[in-house]
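Note sheet for the following structure.
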Amino acid sequence: MSAVIEAELVDPRSTSKGIWGDTLGNVLRQRNAIVGLVILIFLLLTAVFADQIAAYPPNQVLLGSVAGVKKSSPPCIHVLGCPDDRPQLLMGTDSNVRDVFSRVVHGARVSLFIGFATVGFAIVIGTLIGLVAGFAGGWTDNILMRLMDVVLVFPALLLAIAIVTALGQSLLNAQLSIAIVAIPIYARIMRASVLSVKESDFVTASRALGESPAGILFRRVFPNAVTPLIVAGTLGIGGAVLDVAALSFLGYGAQPPTAEWGSMIGLDSGKLFTAPHLVFFPGLALVLTVFGFNLLGDGLRDALDPRLNR
Amino acid sequence: MLRYIVRRLILTGPVLFGILVLVFFLGHVLPGSACRALLGERATDAVCAAFDHERGLDQPIPVQFGTYLTALSHGDLGTSTKSSQSVGDLLIQRLPVTIELAVAAMLFAVTIGVLLGVISAYKRNSIIDVLTMAGANIGVSIPIFVLGLLLAFVFALLLKGTPFALPPSGRLTPGVSIVPLATSWGLQNALGPPRAIVDFVSNIYTLNALISGQWAVLVDAIRHLILPAIALGTIPLAIIARITRSSLLDVLGLDYVRTARAKGLTERNVVRHHGFPNAMLPVTTIVGLQLGSLFGGAVLTETIFNLSGVGRAVAEAIGSRDFPTIQGFVLVIAIIYLFINLVVDVSYAFLDPRVRLT
């Protein structure tokens, strides 16, 4: 009991390390967030050093260059009892006799890029729309938000397929379509933050001091909305990786021979019963990535939302 | 209440109109024509001109839109440019597949999800709780297509020959056929909306088999439904389990729950009568939201398990530039989505007497 009373007597300023320091401390206190962070650092290192980790270039056809290699062969690891006369392939080969391990490793690059670029784009556009809608109010607000409603009503994947079909099938267009589908989420968050801050005294004070609308928007309103955006963004990256992989799986996203996990699964899903490793390993990589971002996102939410601090 | 519902229905109008406009004009910026998609790239310009003229595709876009709206006001969704079937008939064939799948997925998600969530909250920080929440975290991270393929691998290949084996594709085993309700009820010659409704229900195989007592077919249909339902329902399940747990924990911390405990109720009765009913409010919202978003996941599930439902129909229609089909299907999906949202909001007033809908 006395410990509780003492803790209350400590001057909060003396223990505070500033907003970012406190945040980091809060995040690192969560077991889930640490696990997520470790997974993501592991993936980031894999992506950066993909060329060093991978045994072969991702698109190299091994037939002819590696002795004894076969099409769609299961993993062969010598320490685990695979005969020495067969080439060592950690995750086997795919239907084009490429090394699945090298492709999965290089896929980390593609997927991390997909996640960050897609969500980054959606946040920038969504934030702008939300800022304008919340700040302008009236008709502008109504029209913009009804437009967002329309986008939200569409099943996301179907709208994305339509957009990709209109723009042409490529990884970049798949990302763009997933970003467009995600824009309303960020627009709504931003608008809600703007509305809650707009009428507060400190904004009125800045206005009275003659600050321009743009200044108020970006210096007073925006910083107050960053927290929910960061949380939604981190959780959104996992979703974006999933959605782009789904598009690629269906053939609308990454085109062969790009080493992208979704398209790797899609191209070889027909061999599920004869060569399950072709689905299993890229699938595992996808799950791990999304899992990492979701854990970190949950941790960030718990750390950044002061209402949840107990 | 009634005023609220009417106002909400009126507000749905502009959103639906917006969707129509968006789909219509999105349809016309798609590169490639319905003619070339259907007749091949080598179709001559004259052939395509005739094709377009026959279907009114040579008219200016606003005129086409006007024609479409006029037909729509008479309940006519148009004719598929690909199969020459009416879009309404296509919907009667395809929509029941997806509805059956979505309902099965949601039943799976809600029963298991709520159960796991309640157990986790009841025994918080126990090994069951930790495992459930870890499982929920993984559950939301598994792509539908990966889970679907893994399920197919395990249940159709690894467990082949055991009683747990399940079919990985289609709705019925080849050779098994289901008698349409129209036939069982002697309505083969009926026409119009009543017939459409009968056919619609008839295409929900499980419901049809249940109504008409085709028990062997019912078992077969359910066996085919299990894997797709698990694949589609796992993400909602994980989300529902998490929401149920956190919502129940919140409620169990409230004063009236302490009162209930103080008057000597067993913990089990506290959870059952005081905690659980009030913890279900946020769960209802999530169930509604997830049900709406199941249509997106249905594209993947239907592709993997070879079901010809709405999701695949739209994806295929986009591929063949079959605008009437795209429009009709998206419109119906949007109406269902908006309707579910309305039902969720209204159900709030029934579940929580404090909520006044205005």
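Between B:LEU225, B:LEU237, B:LEU218, the distinction of being of a type in the set (A, V, I, L, M, F, W, C), within 30 Å of B:ARG124 (Cα to Cα), assigned to a helix (DSSP H, G or I) and open to solvent by less than 50 Å² (accessible area, probe 1.4 Å) belongs to B:LEU237 only. Among the residues making up region B:1-35, none is away from chain A (no Cβ under 14 Å), open to solvent by 50 Å² or more (accessible area, probe 1.4 Å) and under 19 Å from B:GLU316 (Cβ atoms).
Of all the listed residues (B:LEU147, B:LEU172), the sole one being within 14 Å of chain A (Cβ to nearest Cβ) and at pLDDT 85 or above is B:LEU147.
Residue check: A:GLY253 meets all listed conditions (1) assigned to a helix (DSSP H, G or I); (2) touching a residue at least 12 places away in the same chain (Cβ under 8 Å) but one, namely (1).
Out of all the residues in region A:35-82, which are open to solvent by less than 50 Å² (accessible area, probe 1.4 Å) and either more than 25 Å from A:SER263 (Cβ to Cβ) or of a type in the set (Phe, Trp, Tyr) (or both)? A:GLY36, A:ILE77, A:CYS82 - these are the residues of region A:35-82 that are open to solvent by less than 50 Å² (accessible area, probe 1.4 Å) and either more than 25 Å from A:SER263 (Cβ to Cβ) or of a type in the set (Phe, Trp, Tyr) (or both).
The residues listed here are B:VAL140, B:VAL110, B:VAL130, B:VAL114; of these, the one that is within 18 Å of B:LEU300 (Cβ to Cβ) and not charged (D, E, K, R) is B:VAL140. Which ones in region B:287-303 are open to solvent by 30 Å² or more (accessible area, probe 1.4 Å) and of a type in the set (A, V, I, L, M, F, W, C)? Selection gives B:VAL287, B:LEU289, B:LEU291. Those helices (runs of 4 or more DSSP H) of region B:1-80 in which at least 2 residues are more than 28 Å from A:ALA160 (Cα to Cα), considering only elements entirely within it, cover B:2-29, B:45-54, B:61-73.
Which of the residues belonging to region B:4-32 are among the small types (Gly, Ala, Ser), touching a residue at least 12 places away in the same chain (Cβ under 8 Å) and within 23 Å of B:LEU72 (Cβ to Cβ)?
Scanning region B:4-32 gives a single hit, B:GLY27.
Checking each residue in region B:140-155 for being part of a helix (DSSP H, G or I), open to solvent by less than 20 Å² (accessible area, probe 1.4 Å) and without any contact (Cβ under 8 Å) to a residue 40 or more places away in the chain picks out only B:VAL146. Answer yes if at least one residue in region B:157-167 is out of contact with any Pro (no Cβ under 6 Å at 6 or more places or on another chain), farther than 30 Å from A:LEU235 by Cα, more than 14 Å from chain A (Cβ to nearest Cβ) and in a helix (DSSP H, G or I), and no otherwise. No; the residues of region B:157-167 include none that is out of contact with any Pro (no Cβ under 6 Å at 6 or more places or on another chain), farther than 30 Å from A:LEU235 by Cα, more than 14 Å from chain A (Cβ to nearest Cβ) and in a helix (DSSP H, G or I).
With respect to the conditions (1) aliphatic (A, V, I, L, M); (2) away from every other protein chain (no Cβ under 14 Å); (3) more than 18 Å from B:ILE230 (Cβ to Cβ); (4) surrounded by 20 or more Cβ atoms within 10 Å (Cβ to Cβ), B:ALA109 falls short on a single one, namely (3).
Is it the case that region B:248-269 has a residue that's in the same structural domain as B:VAL110 (by TED's automatic domain parsing), in a helix (DSSP H, G or I), of a type in the set (Ser, Thr, Tyr) and crowded, with 17+ Cβ neighbours inside 10 Å?
Taking every residue of region B:248-269 in turn, none turns out to be in the same structural domain as B:VAL110 (by TED's automatic domain parsing), in a helix (DSSP H, G or I), of a type in the set (Ser, Thr, Tyr) and crowded, with 17+ Cβ neighbours inside 10 Å.
Among the residues of region B:177-192, those identified as β-branched (Val, Ile, Thr) and open to solvent by 60 Å² or more (accessible area, probe 1.4 Å) are B:VAL179, B:THR183. Restricting attention to region A:264-283, the residues being in a helix (DSSP H, G or I), at the interface with another protein chain (Cβ under 8 Å from one of its Cβ atoms) and open to solvent by 10 Å² or more (accessible area, probe 1.4 Å) number 3.
Residues in region A:154-182 that are more than 8 Å from chain B (Cβ to nearest Cβ), under 17 Å from the mean Cα position of the chain (by Cα) and surrounded by fewer than 24 Cβ atoms within 10 Å (Cβ to Cβ): 5 in all.
Look at region A:209-231 and say how many of its residues are over 22 Å from A:GLY299 (Cβ atoms) and in a helix (DSSP H, G or I).
10
Among all residues of region A:104-115, there is at least one that is open to solvent by 50 Å² or more (accessible area, probe 1.4 Å) and of a type outside the set (D, E, K, R).
Just one of the numbered conditions (1) within 14 Å of chain A (Cβ to nearest Cβ); (2) of a type outside the set (Ser, Thr, Tyr); (3) more than 23 Å from the chain's Cα centre (by Cα) is not true of B:LYS82; which one? The single condition B:LYS82 does not satisfy is (1).
The residue pairs whose first member lies in region A:194-205 and is without any contact (Cβ under 8 Å) to a residue 60 or more places away in the chain, whose second member is part of a helix (DSSP H, G or I) and basic (Lys, Arg), and whose beta carbons are closer than 7 Å, counting only pairs six or more residues apart or on different chains, are A:PHE202/A:ARG220; A:VAL203/A:ARG220. Just to be sure, is A:SER177 modelled with pLDDT of 90 or more and out of contact with any strand residue (DSSP E or B) (no Cβ under 7 Å at 6 or more places or on another chain)? For A:SER177, the condition - modelled with pLDDT of 90 or more and out of contact with any strand residue (DSSP E or B) (no Cβ under 7 Å at 6 or more places or on another chain) - is met. Out of the residues in region B:36-46 meeting the condition of being surrounded by 14 or more Cβ atoms within 10 Å (Cβ to Cβ) and not small (Gly, Ala, Ser), tell me which one is nearest to B:THR325 (Cα to Cα). It comes out as B:LEU38. Taking A:ARG191 as the residue in question, decide whether it is surrounded by 24 or more Cβ atoms within 10 Å (Cβ to Cβ), among the basic types (Lys, Arg) and more than 9 Å from chain B (Cβ to nearest Cβ). The answer is yes for A:ARG191. Among the residues making up region B:312-328, those that are more than 9 Å from chain A (Cβ to nearest Cβ), open to solvent by less than 20 Å² (accessible area, probe 1.4 Å) and more than 15 Å from B:LEU38 (Cα to Cα) are B:ALA313, B:GLN327, B:GLY328. Looking across region B:112-139, the residues that are under 15 Å from B:SER246 (Cα atoms), open to solvent by 60 Å² or more (accessible area, probe 1.4 Å) and within 14 Å of chain A (Cβ to nearest Cβ) come down to B:ASN125, B:VAL130.
The values are calculated or read from the model by the stated rules, or taken from the named source; none is laboratory data. If you're wondering where the values come from, they're calculated on a predicted model, not measured in any experiment. FYI the Cβ positions are ideal-geometry reconstructions off the backbone, even for glycines, and counts take in every protein chain you see. Just so you know, the surface numbers come from the protein's heavy atoms only, side chains and all, with ligands and any DNA or RNA stripped out. Shrake-Rupley method; radii C 1.70, N 1.55, O 1.52, S 1.80 Å.
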